[in-house]
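Peer 1: Let me give you the structure first, and then I'll get to my questions.
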Amino acid sequence: MAKVFVQGIAIVVAGVVALFLNRFLDLGTTSVVFGLLIGGAIGIARDGSALGRIGGFVLGIIAAFVFYGLRLLVFNDSFPGQILTLLILVALVTVVCGLTSGRMPLWSGMLGSALVVGAFEYSYENQIYYIQSLIVSNTTAALLPAALGILAGVLVGNFRRSSDDPPTSSQAPPTPEQPTVSLTKSEG
């Protein structure tokens, strides 16, 4: 139970750092909490290695860029176009994660795509003329807090792992010592 509180505190500290960086460097980040929570989930999860989770996350970001590129250039916003781009997005993430035999978890790829879609969809719908610059700026604005959330989650997960995990030793428990009988002749 204490581990959950430590993880939550670590994510809060990462969020405060992200807010300070945003404020003092005038980054204009509007998706601090959104990016932080997605990154924190990737960081504290124990499914797969940290590198695999981050790889899946990056894959999801790239797939979302492909999603918006196809949506803008090929399929526009027709209903069949939305279905096809959704199918392509999910299929791309699923196939690549599947080809890695689980080293890149599917859920981390989905969270990477969710970060881009969540940070950019409003701008896509309302400011279509600036789409090329907005997709990059909105995504990078959400990436700073996501990176801090991942970092906090991984650090706390690695720090707390040794004391919270049950031993994974495959050794059999020691058996009580049995008396031994010697078959040699004793002098005496």
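Peer 1: Just to verify a number: FRET efficiency for residue 140 and residue 9, C-beta to C-beta distance, R0 = 22 Å, to 0.05?
Peer 2: The calculated FRET efficiency here is 0.25.
Peer 1: Counting other Cβ atoms within 10 Å of each Cβ, which trypsin sites (Lys or Arg not before Pro) in the stretch 1-61 have at most 11 and sit in a DSSP loop?
Peer 2: Passing both the DSSP loop test and the Cβ count: 46.
Peer 1: Further question on the same structure: Given 0.36 nm per residue, what is the gain on full extension from residue 66 to residue 90 after removing their alpha carbon distance, in nm?
Peer 2: Full-extension gain reported as 7.5 nm.
Peer 1: Follow-up question, since we're still on this one. Hey, what's the Cα Rg ratio for the stretch 28-77 versus the globular rule of thumb, 2.2 N^0.38 Å?
Peer 2: Rounded to two decimals, the normalised Rg is 1.44.
Peer 1: How high is the relative contact order of the stretch 2-163, in percent, counting Cα pairs under 8 Å that sit 6 or more residues apart?
Peer 2: 43
Peer 1: Please work out how much length the chain gains when fully extended from residue 24 to residue 76, using 0.36 nm per residue of separation minus the C-alpha to C-alpha distance, in nm with one decimal.
Peer 2: 14.8 nm
Computed from the coordinates by the stated procedures, all read-outs in this text should not be read as laboratory data. Computed from a predicted structure; not experimentally measured. Positions of Cβ are generated from backbone atoms using ideal geometry, with glycine treated the same way; all protein chains shown enter the neighbour counts.
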